[in-house]
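The block underneath contains the structure these notes are about, expressed in C-alpha cells.
The values are calculated or read from the model by the stated rules, or taken from the named source; none is laboratory data. All values derive from a computational prediction rather than experimental measurement. FYI the Cβ positions are ideal-geometry reconstructions off the backbone, even for glycines, and counts take in every protein chain you see.
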Amino acid sequence: MEMKEKLQRYAQVLLQIGCDLKEGDTVAVEIPVEHMEFAEIIRTEAMCAGAEGCTVFPFRTDGMPWDEETHAAHLREAEETAKKKPCVINLCMAEFAEAHEDVEAFDECQKQKREIRKVLNQYGRNAGTIACVPSQYWADRFYPELPEEERFDALWDAFFTCVHCMAEDPVGFWKSYIHNTGIRKKKLDEYNFVKYHYIGEKSDFTFSSSRGGFWMGGCVETPERTFIPNLPTQEIFLGPLKTSVNGHIEARLPLNYQGHIIEGISLDVKDGKIICYNAARGYDTLQEIIETEEGTHYLGEVAAVEADSSIASFNKLFYTTLYDENASCHVAIGNGLGPGDEDSSGLNRASLHVDFMIGSKSMNIFGQKEDGTWIHVFSDGKWIID
C-alpha cells in the first residue's frame, strides 16, 4: 500500500470515527507545521465528506515559537472557527524536553498551542479527537535498531497498525469495536459491583466507583453523534469514588510527562489519598504533579486494557500517554472522569489528569456484589466476560 493511501485511510478514520463527521460540519486541524501535506489530505477528505470548511492551525515543534504577529493571526482565525463549534482534530507528537536547548522557547511553543486550543474550545465543539503524527527525534528514540533513514516511515507504519488503517475496512473495524465495547460495558454495569479489586505483578488495591458511576470508554455518545476522542483506544474505565481507593500501586512502564520521563512510580493510597509516593527516576516531576494541589493527592480514573492490544504487541514504550495507556491497565492522578460533580458523585476534582501504566499479563480484576460475592472478570491480562 502506498503512503498516500495509508494517509487517506488515516484521515478517514480521524474524520468518520474520531469526529463522526456530519454534512455541514466545520473541521479544525491542529498539526505540526512539518505535516502540512497530511493536513491537506485531511482537508480534501473532509470536504468530500460534506464538511462546510476545514481550517488548519499549524504549530512549531523546532523549539521556537511563532512570532507575535503570526500567532495573533492564528488566534483570530481560531476565534472565527470556534463560533461554528467545530470538530477538532488534534495531531500531536511525543515531546522530549532534552531535544531542545532553549527550554524557555520550548515552553513558549507549548503555551501557544494551549492558547489556540483554549480559543477553539471556548464555545464548545461538536466533536474532537486526539491522534499522533511522527517526528524524526521520536522515530530515532522508538526504532534505534533500524537504519536512520528507515525510522520515520517505520514509526508512521506503527501508527497505521495501531489505528487499524491496514485493516481491510478501517472505519468498519472501529464501528465494530464501538459496538462490542458497548456490550462489555453494559454487562459490567449490570453486575452493580460495589467494590473492585485490582491485583497485579506489583499493584494490589481496591476501590468503589463514583456514585451513579458506570463503565466508560470506547467512545463518546451524544444525541447527535458517536465519536472516539482518542485514537487509538483500547480502554474502558471508571471514575473512582474519591475516598474509596486503598492499597499499593506501582507503574510498570515509564511515563513521559510534558517531555520529562518518570520511571518506577510507586504510590501508597489510604482512604483515597496518596500518603506516600516515590519514583526511581523523575521524582521531582512526580512530586510537582502530586503537590500541585489537594486534588492531585487523589485518583481520578482506573482503567482496564487487555495485555494483548495492538499497541501492547509492539512491546515498546511509545513515549506518549495516548498510546502507552492503551497498552496497559492504568490509573490517573487528579481529575475524576465520570458524570456529575464532586459533591453529587464523589468524584475527585483537580486541574490535572495524569495517567500512568500498571498492567501486565498478570493483572486480575475482581468485582464484589452487594451480597459480598466476588466475581472474577479480568484474568491474566484478559477479559473473561463476553
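Out of the residues in region 183-233 that are part of a loop (DSSP other than H, G, I, E, B), of a type in the set (Val, Ile, Thr) and surrounded by 15 or more Cβ atoms within 10 Å (Cβ to Cβ), state the one that is nearest to the chain's Cα centre (by Cα). Before you say what the answer is, go through the steps one by one.
To start, the set of residues in region 183-233 that are part of a loop (DSSP other than H, G, I, E, B) comprises 192-194, 200-203, 208, 210-215, 218, 222-225, 228-229, 231-233.
If we keep only those that are of a type in the set (Val, Ile, Thr) as well, we get 194, 222, 228, 233.
Now narrow it down to the ones that are surrounded by 15 or more Cβ atoms within 10 Å (Cβ to Cβ): 228, 233.
Values: Ile228: 10, Thr233: 7 Å.
By that ranking, first place goes to Thr233.
Of the conditions (1) farther than 23 Å from Ile365 by Cα; (2) at pLDDT 95 or above; (3) touching a helix residue (DSSP H, G or I) at 6+ places or on another chain (Cβ under 6 Å); (4) surrounded by fewer than 20 Cβ atoms within 10 Å (Cβ to Cβ), Thr296 satisfies every one except a single condition; which number is it?
(4)
Here is a yes/no grid of residues against (1) within 20 Å of Asn326 (Cβ to Cβ); (2) touching a residue at least 12 places away in the same chain (Cβ under 8 Å); (3) surrounded by fewer than 16 Cβ atoms within 10 Å (Cβ to Cβ); (4) not assigned by TED's automatic domain parsing to the domain that holds Val13:
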site: Ile130; (1), (2), (3), (4): yes, yes, no, no
site: Gln136; (1), (2), (3), (4): no, yes, yes, no
site: Ala139; (1), (2), (3), (4): yes, yes, no, no
site: Pro147; (1), (2), (3), (4): no, no, yes, no
site: Asp153; (1), (2), (3), (4): no, yes, yes, no
site: Phe159; (1), (2), (3), (4): yes, yes, no, no
site: Cys162; (1), (2), (3), (4): yes, yes, no, no
site: Ile178; (1), (2), (3), (4): yes, yes, no, yes
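Would you check which residues across region 259-280 are farther than 16 Å from Met357 by Cα and exposed (fewer than 14 other Cβ atoms within 10 Å of the Cβ) and list them?
Lys270, Asp271, Ile275, Cys276
Going by what's in this entry, would Ile31 be described as closer than 19 Å to Arg60 by Cβ, under 24 Å from the mean Cα position of the chain (by Cα) and β-branched (Val, Ile, Thr)? Walk me through it before giving the result.
Details: closer than 19 Å to Arg60 by Cβ: yes; under 24 Å from the mean Cα position of the chain (by Cα): yes; β-branched (Val, Ile, Thr): yes.
When the stated conditions are applied, Ile31 passes them.
Inspect all residues belonging to region 115-123 and state whether any of them is more than 30 Å from Pro223 (Cβ to Cβ) and of a type outside the set (Ser, Thr, Tyr). Explain how you work it out, then say what you get.
Let us first name the residues in region 115-123 that are more than 30 Å from Pro223 (Cβ to Cβ), namely 115.
Retained after the next criterion (residues that are of a type outside the set (Ser, Thr, Tyr)): 115.
Yes, that holds for at least one residue.
Where residues in region 1-48 are part of a strand (DSSP E or B) and either out of contact with any Asp or Glu (no Cβ under 7 Å at 6 or more places or on another chain) or free of Cβ contacts under 8 Å to residues at least 12 places away in the same chain (or both), which of them is farthest from Val220 (Cα to Cα)? Let's see the steps before the verdict.
Step one: of region 1-48, the residues part of a strand (DSSP E or B) are 26-32.
Next, only the ones that are either out of contact with any Asp or Glu (no Cβ under 7 Å at 6 or more places or on another chain) or free of Cβ contacts under 8 Å to residues at least 12 places away in the same chain (or both) stay: 27-32.
Numbers: Val27: 18, Ala28: 19, Val29: 19, Glu30: 21, Ile31: 23, Pro32: 26 Å.
Only one residue fits best here, namely Pro32.
Does Ile249 satisfy the criteria of being under 28 Å from Asp140 (Cα atoms), hydrophobic (A, V, I, L, M, F, W, C) and touching a Ser or Thr at 6+ places or on another chain (Cβ under 7 Å)? Full working, then the answer.
Working: under 28 Å from Asp140 (Cα atoms): no; hydrophobic (A, V, I, L, M, F, W, C): yes; touching a Ser or Thr at 6+ places or on another chain (Cβ under 7 Å): yes.
Answer is no for this residue.
Take Glu77 and tell me if it is in a helix (DSSP H, G or I) and not aromatic (Phe, Trp, Tyr).
Details: in a helix (DSSP H, G or I): yes; not aromatic (Phe, Trp, Tyr): yes.
Spelling it out, Glu77 is indeed in a helix (DSSP H, G or I) and not aromatic (Phe, Trp, Tyr).
This table checks each residue for (1) more than 23 Å from Gly259 (Cβ to Cβ); (2) touching a Ser or Thr at 6+ places or on another chain (Cβ under 8 Å).
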residue: Tyr137; (1), (2): no, no
residue: Arg141; (1), (2): no, no
residue: Glu148; (1), (2): no, no
residue: Ile178; (1), (2): yes, yes
residue: Ile199; (1), (2): yes, no
residue: Phe207; (1), (2): yes, yes
residue: Ser210; (1), (2): yes, yes
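Filter region 347-384 for residues that are surrounded by 14 or more Cβ atoms within 10 Å (Cβ to Cβ) and of a type in the set (Val, Ile, Thr); which is farthest from Gly212 (Cα to Cα)?
Step by step, filter region 347-384, then rank; the result is Ile358.
Mind checking which residues of region 108-128 are of a type in the set (S, T, N, Q) and either over 12 Å from Glu30 (Cβ atoms) or outside the structural domain of Ile17 (by TED's automatic domain parsing) (or both)? Quick ask: steps written out before the conclusion?
Step one: filter region 108-128 for residues of a type in the set (S, T, N, Q), giving 110, 112, 121-122, 126.
The answer is Gln110, Gln122, Asn126.
For Asn335, indicate whether it is in contact (Cβ under 8 Å) with a residue 12 or more places away in the chain, surrounded by 20 or more Cβ atoms within 10 Å (Cβ to Cβ) and not charged (D, E, K, R).
On the way: in contact (Cβ under 8 Å) with a residue 12 or more places away in the chain: yes; surrounded by 20 or more Cβ atoms within 10 Å (Cβ to Cβ): yes; not charged (D, E, K, R): yes.
Yes.
For region 281-293, give me each residue that is touching a residue at least 24 places away in the same chain (Cβ under 8 Å) and surrounded by fewer than 20 Cβ atoms within 10 Å (Cβ to Cβ). Break it down stepwise before answering.
If we filter region 281-293 for residues that are touching a residue at least 24 places away in the same chain (Cβ under 8 Å), which is where we start, we get 281-282, 285-286, 289-290, 292-293.
Scanning region 281-293 gives Arg281, Thr285, Ile290, Thr292, Glu293.
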